[in-house]
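Any read-out appearing in this document is the output of simple, stated calculations on the displayed coordinates, not a laboratory observation. Computed from a predicted structure; not experimentally measured. Heads up, the Cβs are rebuilt from the backbone with ideal geometry, glycines too, and the neighbour counts pull from every protein chain shown.
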Amino acid sequence: MASNSFGEIFRLTSFGESHGEAIGGIIDGCPAGIALDFEAIQNELNRRKPGQSKIVTQRKEPDEVQFLSGIFEGKTTGASIGFIIKNQNQKSHDYSHIKDQYRPSHADYTYSQKYGNRDYRGGGRTSARETANWVVAGAVAKQVISQIQITAYTASVGKIQLGKSYQEVDFSEIENNIVRCPDVEKAEEMIQYIQQIRKEGDTIGGVVECVIQNVPVGLGEPIFNKLHAQLGKAMLGINAVKGFAFGSGFEGTELKGSEHNDLFNADGSTKTNNSGGIQGGISNGMDIFFKVAFKPVATIMQEQETIDKDGNLVKMMGKGRHDPCVVPRAIPIVEAMAAMVLADFYLLEKTNK
């Protein structure tokens, strides 16, 4: 398995399985001399960890990160930053019934066909538990680019839409409810709906919107290393993501050029921001904003028809602890991946000057 690293200069290489002893990673390229806020890093993990509310998986993991290298007296040394997060609440027996069966729409079948084996305990390496590593690296990246503000929130759950642009919402409301929607009434509606879906033994998807502010002009390259292309790669690499749109996105296809063009102000800013803060693959100094679509979780508590390893049609039903909707826990993951992309381009830009 070759693809265990993300980033060029600011680079994360991760390891571990959902039900192994631990997960963890190595962060390369972090500049020396950064005084890390360890409480802030742990807080990001707390936002992602399971068992945090009644609408997420009830697996109880403290998700406490332990740093092993690259830090001395609270500051980065410029060397590789090694870290681990121990798994403490595995219930592998919950997955024994699918040892020889493939869950529909899960990675079970493709992984088995590609590698000739699979860890059926929670999905092994394909599990979203891996994203805890990304959150650690992203939390460090945020401190490398501390002047840049990255904010994600729940924009929809199923057909329940927030119905407001990011300019119309109060970001301070995001962490005031368990679904992380910056609207009190819509948040409660979403929470009730997720609880209903869970009682039905089903799952539901949704959309996360992310806004990146205070981005300097000039991040990104005009050809193969476009800033929005790398953000898209980062988001589409998150488990359960099925769509990515930035700026005007698909809605922009309905506009004429005269309506879509962002006209300049004298200072280089633009009167509108249909470009989503990126033009020609390079940041233009305006807010970067994009949407990320998450599908319903594949494992449901309803009987479904599937196949076993011998190709026989069989009946199966999910067991164990699973998210009825991944969106609330995906918020810090989206922010983390965006932070790693921005940190990478920020450091690349410094090497070019």
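Run a plain Debye calculation on segment 10-68 (Cα atoms as equal point scatterers, no solvent) and give log10 I(q)/I(0) at q = 0.13, 0.18 Å⁻¹, rounded to two decimals, same order as the q list. Log-scaled intensity ratios, in q order: -0.45, -0.81.
Net charge within 10 Å of Pro328 by Cβ-Cβ distance, Lys/Arg positive one each and Asp/Glu negative one each, not counting Pro328 itself?
Working: positive: Arg47, Arg48, Arg180, Arg329; negative: Asp323.
Around Pro328, the surrounding residues sum to +3.
Looking at Val217, Tyr193, Ser283, which one has the Cα that reaches farthest to the positive end of the dipole of the chain (charges on Cβ: Lys, Arg +1; Asp, Glu -1)? After comparing all options, I get Tyr193. Debye-formula intensities of segment 5-351, expressed as log10 I(q)/I(0) at q = 0.06, 0.10, 0.12, 0.15 Å⁻¹, are -0.23, -0.64, -0.91, -1.34 (one equal scatterer per alpha-carbon, no solvent).
Coupling constants for segment 33-40 follow from the phi torsions by the Karplus curve (6.51 cos²θ - 1.76 cosθ + 1.60, θ = phi - 60°), and in residue order they are x, 8, 7, 6, 8, 5, 5, 5 Hz; glycine and proline get x. Rounded to the nearest 20 debye, the dipole magnitude of the chain is 840 debye, with +1 charges on Lys and Arg beta carbons, -1 on Asp and Glu beta carbons, and the Cα centre as origin. Taking amide H as placed 1.01 Å from N in the peptide plane, Ala155 has its amide H under 5 Å from the amide H of Val207, Val208, Glu209, each at least 5 places away in sequence or on another chain.
Computing FRET efficiency as 1/(1 + (r/R0)^6) for Lys350 and Asn274, where r is the C-beta to C-beta distance and R0 is 30 Å, gives about 0.50.
The value of relative contact order for the chain, using C-alpha pairs under 8 Å at least six residues apart, is 22 percent. Amide H contacts of Ile282 (H built 1.01 Å from N, in plane; Pro and chain starts excluded): Leu227 sit under 5 Å, all sequence-distant by 5 or more or on other chains.
Counted residue by residue at 0.36 nm each, then reduced by the alpha carbon distance between them, the extension gain from Ser80 to Asp308 reaches 77.8 nm. Computed from backbone phi, the HN-Hα couplings of segment 169-177 come to 9, 9, 4, 5, 8, 4, 8, 8, 9 Hz, rounded to whole numbers (Karplus: 6.51 cos²θ - 1.76 cosθ + 1.60, θ = phi - 60°; Gly and Pro given as x).
Can you bin segment 163-249 into rounded, prolate or oblate? Criterion: square roots of the alpha carbon gyration tensor eigenvalues sorted a ≥ b ≥ c, rounded for a/c under 1.5, prolate for a/b above b/c, oblate for the rest. List each step's numbers first, then the result.
On the way: a/c = 3.25, a/b = 1.63, b/c = 1.99.
Because a/c hits 1.5 or more and a/b fails to exceed b/c, segment 163-249 counts as oblate.
Fewest neighbouring Cβ atoms within 10 Å first, the residues Ile9, Ile194 line up as Ile9, Ile194. In summary, the lysines within cross-link reach of Lys75, defined as a Cα separation below 16 angstrom excluding same-chain residues under 8 places away, comprise Lys142.
What number results when the radius of gyration of segment 233-285, computed over Cα atoms, is divided by 2.2 N^0.38 Å?
This ratio for segment 233-285 stands at 1.35.
Find, among the GluC sites (Glu not before Pro) in segment 1-55, those assigned to loop by DSSP (not H, G, I, E, B) with at most 15 other beta-carbon atoms within 10 angstrom.
Values: sites: Glu8, Glu17, Glu21, Glu39, Glu44; in loops: Glu8, Glu17, Glu21.
Answer in residue order: Glu8, Glu21.
For Lys164, a cut-off of 21 angstrom between C-alpha atoms picks up these lysines, skipping any fewer than 8 places away in its own chain: Lys186, Lys271, Lys291. Within the straight-line cut-off of under 15 Å between alpha carbons, the aspartates and glutamates reachable from Lys315 are Asp100, Glu303, Glu305, sequence neighbours fewer than 8 places apart in one chain being disregarded. Backbone amide hydrogens, once placed in the peptide plane, bring Ile307 within less than 5 Å of Tyr102, Val314, excluding anything fewer than 5 places away on its chain. Between the helical axis of 184-199 and the longest alpha-carbon principal axis of the chain there is an angle of about 20 degrees. For segment 300-315, backbone phi angles converted through the Karplus equation (6.51, -1.76, 1.60; θ = phi - 60°) give residue-by-residue couplings of 10, 8, 10, 6, 9, 8, 8, 10, 9, 5, 9, x, 7, 6, 9, 9 Hz, Gly and Pro being listed as x.
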